[in-house]
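See structure below.
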Amino acid sequence: MDLDAVRTFVAVVDTGQFQQAAAALSVTQQAVSRRVATLEKDLGVRLFTRTARGARLTVDGQAFLPHARDLLQAEERAAASVRPGRRALRVDVVGRRFGPAGLLRDFHRTHPGTELDIVTHYDADSAIAAVRSGTIDATIRALTLPVRQLPAGIDAVRVLDEPVQLLIGPAHEFAGADTAVPAQLAGRRIWMPDMAPGTEWAVYYSDLAAAFGFTIDSAGPSFGTEPLLDAMAESPTLTTFIGERTQFVWPADRGLRRVALHDPTPVYPHSLIWRSDNPHPTLAAFRAYLAPARVAPTGSGVWVPDWAR
């Protein structure tokens, strides 16, 4: 159904005359007559009876009027839902408990009127494809390839270097230490059962293991966070990596603890990735919010893979 014709029909009803409807719509009276005639032909009924005083609705016109107004209101709602600044900013993160999700929570606290839609793609490749297609506005991921190799029209900037920590149980030999150095991990096994080959986190932790001489054990299956935490709590040897900003809640009686790594501190490099032609004002505000450096300067006692330098 031609919504311009529906809009013209409602304008004639509201003004009472074809001529005044034409003036309200900034078209000619002939255009108004033509649109109404087309609408009547499409519906197969007469909508108006012309009188000396103007146009009067027929019985069919009276029946159609409330639906015509509903159509125009639906059109406005549909347009508003995708108008820049009116819909929620749709951002992908690898998980809602991890560091990038924390950045979005922090942003929302300082911009409480903004609407955010948080989604989780599995890996960086699928997330970047979603950015490119416009399914999402942005993603926060470790970018394992140079920015210049991203698809045309896709931009990226590093926004957060998140320190990597050890998660251990109360019987582990590091349990009494506040910190450890990566060199102490040489020859050890770090259990990470969700280490899917080809993902950006698999690339990162494989490079970290190669740099400091330990082994990533991805033997599974992975039953989720809680069984992983239980295994850490009950073992004197198992340990896993966890981001400094990762939020997990575990029972106090399990004795789980984080051990910071220093000399150097391995950091996980998160980048914001978006389409350069995306006009969403909340995306611009989020980029401005992230602008203050959360990235460790080169040579400041941190370790990042070569592809993040």
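Mind listing just one residue for me: the one in region 141-182 that is touching a strand residue (DSSP E or B) at 6+ places or on another chain (Cβ under 7 Å) and basic (Lys, Arg) and, of those, farthest from ALA288 (Cα to Cα)? So the residue we want is ARG141. The single residue among HIS172, HIS270 that is modelled with pLDDT of 90 or more, part of a loop (DSSP other than H, G, I, E, B), of a type outside the set (Asp, Glu) and open to solvent by less than 60 Å² (accessible area, probe 1.4 Å) turns out to be HIS172. Output yes when any residue across region 177-194 is within 22 Å of ARG254 (Cβ to Cβ), open to solvent by 40 Å² or more (accessible area, probe 1.4 Å) and out of contact with any Ser or Thr (no Cβ under 9 Å at 6 or more places or on another chain), and no when none is. Scanning region 177-194, I find at least one residue that is within 22 Å of ARG254 (Cβ to Cβ), open to solvent by 40 Å² or more (accessible area, probe 1.4 Å) and out of contact with any Ser or Thr (no Cβ under 9 Å at 6 or more places or on another chain), so the answer is yes.
Please find, within region 195-220, the residue that is least open to solvent (accessible area, probe 1.4 Å) out of those that are of a type in the set (Ser, Thr, Tyr) and assigned to a loop (DSSP other than H, G, I, E, B). Explain how you work it out, then say what you get.
Residues of region 195-220 that are of a type in the set (Ser, Thr, Tyr), as a first pass: 199, 204-206, 215, 218.
Remaining after also requiring assigned to a loop (DSSP other than H, G, I, E, B): 199, 218.
Details: THR199: 3, SER218: 57 Å².
Step by step, filter region 195-220, then rank; the result is THR199.
Take the residues in region 239-255 that are open to solvent by 20 Å² or more (accessible area, probe 1.4 Å) and not charged (D, E, K, R), then tell me which one is nearest to GLY99 (Cα to Cα).
Here is the first cut: in region 239-255, the residues open to solvent by 20 Å² or more (accessible area, probe 1.4 Å) are 244-245, 247-255.
Subsequent filtering for residues that are not charged (D, E, K, R) retains 247-252, 255.
On the way: GLN247: 8, PHE248: 11, VAL249: 15, TRP250: 18, PRO251: 21, ALA252: 22, GLY255: 23 Å.
This residue is GLN247.
Annotation note: of THR38, THR114, THR120, THR110, the sole residue that is of a type in the set (Ser, Thr, Tyr), over 30 Å from VAL203 (Cα atoms), out of contact with any helix residue (DSSP H, G or I) (no Cβ under 6 Å at 6 or more places or on another chain) and in contact (Cβ under 8 Å) with a residue 12 or more places away in the chain is THR110.
Where strands (runs of 3 or more DSSP E) fall entirely within region 15-120, those with at least 3 residues that are within 18 Å of the chain's Cα centre (by Cα) and closer than 30 Å to ALA142 by Cβ are at 89-92, 116-119.
The values are calculated or read from the model by the stated rules, or taken from the named source; none is laboratory data. Because the structure is a prediction, the values reported are computed rather than measured. As a convention, Cβ positions derive from the backbone with ideal geometry for all residues, glycine included, and neighbour counts pool all protein chains shown. Calculation scope for accessible area: heavy atoms of the full protein, side chains included, ligands and nucleic acids excluded. Shrake-Rupley method; radii C 1.70, N 1.55, O 1.52, S 1.80 Å.
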